[in-house]
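Notes for the one structure printed next.
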Amino acid sequence: MASGDDSPIFEDDESPPYSLEKMTDLVAVWDVALSDGVHKIEFEHGTTSGKRVVYVDGKEEIRKEWMFKLVGKETFCVGAAKTKATINIDAISGFAYEYTLEINGKSLKKYMENRSKTTNTWVLHLDGEDFRVVLEKDTMDVWCNGKKMETAGEFVDDGTETHFSVGNHDCYIKAVSSGKRKEGIIHTLIVDNREIPELLE
């Protein structure tokens, strides 16, 4: 055992035992489903240096190397619609921290619950490719794999149809009243005359 004189005063507790090449302070990862796709948000927090790094879909959005204040928040944008996201850093005890993500000012859970009321999502497999189609009910905007689609609305006997194309496939979202006030309008995606089941996120 070394005597106290020749041992270093500061131990480097930052490096994880499994990987010496890449020192990482990754403390939180969230998957956020927006109209233009599912985005991965990763957060690094160096609790000794105060370093804060935010990655969105693997791309660095924010990097702060030295922060004397270890708690606080970082705000940035996510996705094609530049949706506002905030990571809150709170001390829970001693050197333990809690990280929470807010989207448009709501907790991620509340935001996703609200989103399920305002959007419909379908996943379909066409020509060997997967497509994620999202309808924003308030604006009737249709998104497919991250791009806002050109649509044409049409009134039909029992409701409306919003037409668009995916590749050379004819698609439309049919909106009909459920006849029940609580349920409201039912939206159905039809591709090449077949109904696509809705994805419940």
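Observations on the structure shown:
- For the residues Glu42, Glu65, Glu98, Glu60, the requirement of being within 12 Å of the chain's Cα centre (by Cα), more than 28 Å from Met149 (Cβ to Cβ) and either of a type outside the set (Val, Ile, Thr) or at pLDDT below 90 (or both) singles out Glu42.
- The listed residue being small (Gly, Ala, Ser), open to solvent by 20 Å² or more (accessible area, probe 1.4 Å) and either within 29 Å of Ala28 (Cβ to Cβ) or not in a strand (DSSP E or B) (or both), out of Ala81, Ala85: Ala81
For (1) assigned by the TED database to the domain that holds Asn88; (2) surrounded by 14 or more Cβ atoms within 10 Å (Cβ to Cβ); (3) touching a residue at least 60 places away in the same chain (Cβ under 8 Å); (4) under 30 Å from Trp30 (Cα atoms), each residue gets a yes or a no:
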site: Lys109; (1), (2), (3), (4): no, no, no, yes
site: Thr139; (1), (2), (3), (4): no, no, no, yes
site: Trp143; (1), (2), (3), (4): no, yes, yes, yes
site: Thr151; (1), (2), (3), (4): no, yes, no, no
site: Gly184; (1), (2), (3), (4): no, no, no, no
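- Filtering the stretch 57-73 for residues that are open to solvent by less than 10 Å² (accessible area, probe 1.4 Å) and within 27 Å of Val134 (Cβ to Cβ) leaves an empty set.
- The sole residue among Arg181, Arg132 that is out of contact with any helix residue (DSSP H, G or I) (no Cβ under 7 Å at 6 or more places or on another chain), basic (Lys, Arg) and assigned to a loop (DSSP other than H, G, I, E, B) is Arg181.
- Yes/no for Thr160 being part of a strand (DSSP E or B), farther than 20 Å from Gly37 by Cα and out of contact with any Ser or Thr (no Cβ under 8 Å at 6 or more places or on another chain): yes
- All conditions in (1) over 27 Å from Lys40 (Cα atoms); (2) of a type in the set (A, V, I, L, M); (3) at pLDDT 95 or above hold for Val156, with the sole exception of (3).
The values are calculated or read from the model by the stated rules, or taken from the named source; none is laboratory data. Please read these numbers as outputs of a predicted model, since none were measured by experiment. Note that we place each Cβ from the backbone using ideal geometry, even for glycine, and neighbour counts take in every protein chain shown. What goes into the accessible areas is simple: the full protein's heavy atoms, side chains included, and nothing from ligands, DNA or RNA. Shrake-Rupley method; radii C 1.70, N 1.55, O 1.52, S 1.80 Å.
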